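The structure under discussion appears below in the form of structure tokens.
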Amino acid sequence: MSAAALDEYMAANPEAARAALTDPEVAVRVATVRDLLSLMDRALEEEGVDARVRHRVGVRVATDALLSDRARARLEAVAEMARAQGRIDREAVPAAQETPDGTGGA
């Protein structure tokens, strides 16, 4: 189940998949996430959690763990550039909003 969740994330994020093959830091992070997903999946299975739910949780954990702050910042910069160039409707995809704790929305 954990491998499927990670594979789903990588299929949806080809840039991350390429980085996992070419960037040693990303490769280590992916291996760590794979191990953690395996542990989480086994624990949830032992607790009787349905396989579909375990898979959904695994995809969420993989996404949150692998989308680094640097990647989030890059994505936001690209989105802002596209907004400025009129390629993205500002109302449809608003810029990240600052949260009350000052961390920004994610």
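The values are calculated or read from the model by the stated rules, or taken from the named source; none is laboratory data. As the structure is a prediction and not an experimental result, all values here were calculated from the model. For neighbour counting, all protein chains shown are included, and Cβ atoms are generated from backbone atoms with ideal geometry for every residue, glycine included.
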Select, from 20, 4, 16, the only residue that is modelled with pLDDT under 85 and surrounded by 13 or more Cβ atoms within 10 Å (Cβ to Cβ). 16
Taking the stretch 40-55 and keeping only residues that are exposed (fewer than 13 other Cβ atoms within 10 Å of the Cβ), free of Cβ contacts under 8 Å to residues at least 12 places away in the same chain and closer than 19 Å to residue 8 by Cα, one is left with 50, 52, 53
